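Have a look at the structure below before the remarks.
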Amino acid sequence: MALSLLLAACGTRQPVAQSGPTPGNSMELRYANQFSVEYRSDGCALITIVESGQFLLVPEGQEAPEADVVLLRQPLENIYLAATSAMGLFDGLDALEHITLSGTQAHGWHIENARAAMERGDILYAGKYSAPDYELLLAKGCALAIESTMLYHAPEVQEKLQALGIPVLVERSSYESHPLGRTEWIKLYGLLTGRLAEAEVLFDAQTAFLEDLSAESVGKTVAFFYISSTGGVVARKSGDYAVKMIELAGGQYAFEELGNPDSAAGSVNLEMERFYAQAKDTDIILYNSATTGEVRNLSELLALNPLLADFRAVQKGDVWCTGQNMFQETTNFGQMIAEMNRIFTGDAPEKLEYYYKLR
């Protein structure tokens, strides 16, 4: 269904899948730079992930060669997924059957198929990344733990998993500067699950959304932020991939030179005085509900911070909210950017797949 929707969204143009793995070649990557894949003459694939290590993917039924890297044997089953950003990519590939263990509980998933799989018991909660249920992982025959870089804050967990014979892949899609670099990680998961051709089609469908957009600015400034539980303002730092999405959609981010460019953190706590000064006259508010939960109308938004009533976008009625599924469904960043463009150009209905207008 996801594939059909993506193809339909691109009109009559049909994305063309790239050719399959050719020994001696590398995987073609357009935006991602945090991983690479080399196809070897023996049929194996050497995967390199920046600051995470190397893995040799061995096809099913083939004897593993001697190597000084971590071996991954296909079929990869009973994966423990603690990196939430990867779930949408597995879901897009229709490859959830490879995941039987999750680091997020059912209520934490905004991906419908993932939540349903946990409610059915097809995917079991196996503890958060910092406290996995080792006994359950062993009982299920976990073949791979896919972790986010949060694991670096709990190095003892990685050491324990490896001591138990469970390979650990720390995925770094969050370090991709281009939003479609994050989506392009679908090619890696397509390779791991034997669905590379499908991954290439899905990725090409997302790049087609950008090809259909004009590279010119639409002349609208955009404030993208949320109000924390303590009443503070949290915005994405300049140069973050979410800001890049706004720029690709033709908008101009309201906050200039925000945050430390050398920091891995994507968000910045913004002083109220600076927030008011830089965002009060912006054309469009795009409220980020991914962390705090969705707001249903302008009254609920103003209850979070009454000062927002002074904002030009509020007075003009050009306030939008993201769905909570936005950052978990990394498969569809191209579509998200195209929907942003419709908002910025005034060509959007009040309800889109990833955004809705506040009244």
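The values are calculated or read from the model by the stated rules, or taken from the named source; none is laboratory data. None of the values given here were measured: they were computed from a predicted structure. In this analysis, Cβ positions are derived from the backbone assuming ideal geometry, glycine residues included, and neighbour counts consider all displayed protein chains.
Can you name every residue in the stretch 224-256 that is of a type outside the set (A, V, I, L, M, F, W, C), crowded, with 19+ Cβ neighbours inside 10 Å and part of a helix (DSSP H, G or I)? Those that are of a type outside the set (A, V, I, L, M, F, W, C), crowded, with 19+ Cβ neighbours inside 10 Å and part of a helix (DSSP H, G or I): Tyr241, Lys244.
What number goes with the only condition from (1) more than 25 Å from Pro59 (Cα to Cα); (2) in contact with a helix residue (DSSP H, G or I) (Cβ under 6 Å, 6 or more places away or on another chain); (3) not aliphatic (A, V, I, L, M) that Glu112 does not pass? Unmet for Glu112, out of (1) more than 25 Å from Pro59 (Cα to Cα); (2) in contact with a helix residue (DSSP H, G or I) (Cβ under 6 Å, 6 or more places away or on another chain); (3) not aliphatic (A, V, I, L, M): (2). For the stretch 318-325, indicate whether the set of residues that are in contact with a strand residue (DSSP E or B) (Cβ under 9 Å, 6 or more places away or on another chain), in the same structural domain as Val233 (by TED's automatic domain parsing) and within 23 Å of Tyr175 (Cα to Cα) is non-empty. Yes - at least one qualifying residue is present in the stretch 318-325. Which one of these is among the small types (Gly, Ala, Ser), without any contact (Cβ under 8 Å) to a residue 12 or more places away in the chain and out of contact with any His (no Cβ under 8 Å at 6 or more places or on another chain): Gly61, Gly24, Gly92? Gly61 is the lone residue from the list that is among the small types (Gly, Ala, Ser), without any contact (Cβ under 8 Å) to a residue 12 or more places away in the chain and out of contact with any His (no Cβ under 8 Å at 6 or more places or on another chain).
Evaluation of Ser177 against the conditions (1) within 28 Å of Glu294 (Cα to Cα); (2) of a type in the set (S, T, N, Q); (3) out of contact with any helix residue (DSSP H, G or I) (no Cβ under 8 Å at 6 or more places or on another chain) shows that the sole unmet condition is (3). Summed over the stretch 28-49, residues that are part of a strand (DSSP E or B) and either of a type in the set (S, T, N, Q) or within 23 Å of Ala208 (Cα to Cα) (or both) total 3. Of all residues in the stretch 339-354, which are crowded, with 22+ Cβ neighbours inside 10 Å and in contact with a helix residue (DSSP H, G or I) (Cβ under 7 Å, 6 or more places away or on another chain)? Across the stretch 339-354, the qualifying residue is only Met340.
If you go through the stretch 34-55 and keep only what is without any contact (Cβ under 8 Å) to a residue 40 or more places away in the chain, farther than 23 Å from Val157 by Cβ and touching a Leu at 6+ places or on another chain (Cβ under 9 Å), you end up with Ser36, Glu38, Tyr39, Arg40, Cys44, Leu46. Where helices (runs of 4 or more DSSP H) fall wholly inside the stretch 267-359, the ranges with 2 or more residues that are at pLDDT 95 or above and basic (Lys, Arg) are 312-316.
Yes/no per residue for (1) surrounded by fewer than 22 Cβ atoms within 10 Å (Cβ to Cβ); (2) out of contact with any strand residue (DSSP E or B) (no Cβ under 8 Å at 6 or more places or on another chain); (3) in the same structural domain as Thr100 (by TED's automatic domain parsing):
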{"residue": "Ser174", "(1), (2), (3)": "yes, yes, yes"}
{"residue": "Ile186", "(1), (2), (3)": "no, yes, yes"}
{"residue": "Tyr189", "(1), (2), (3)": "no, yes, yes"}
{"residue": "Thr193", "(1), (2), (3)": "no, yes, yes"}
{"residue": "Ala199", "(1), (2), (3)": "no, yes, yes"}
{"residue": "Leu202", "(1), (2), (3)": "no, yes, yes"}
{"residue": "Val218", "(1), (2), (3)": "yes, no, no"}
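Confirm whether Ala143 is among the small types (Gly, Ala, Ser) and under 30 Å from Phe344 (Cβ atoms). It is false that Ala143 is among the small types (Gly, Ala, Ser) and under 30 Å from Phe344 (Cβ atoms).
For the residues Gln74, Gln34, Gln105, the requirement of being modelled with pLDDT of 95 or more, surrounded by 16 or more Cβ atoms within 10 Å (Cβ to Cβ) and more than 25 Å from Glu176 (Cβ to Cβ) singles out Gln74.
Checking each residue in the stretch 50-74 for being among the charged types (D, E, K, R), part of a loop (DSSP other than H, G, I, E, B) and closer than 17 Å to Leu188 by Cβ picks out only Glu51. Checking each residue in the stretch 126-149 for being in contact (Cβ under 8 Å) with a residue 60 or more places away in the chain and not charged (D, E, K, R) picks out Gly141, Cys142, Ala143, Leu144, Ala145, Ile146, Ser148, Thr149.
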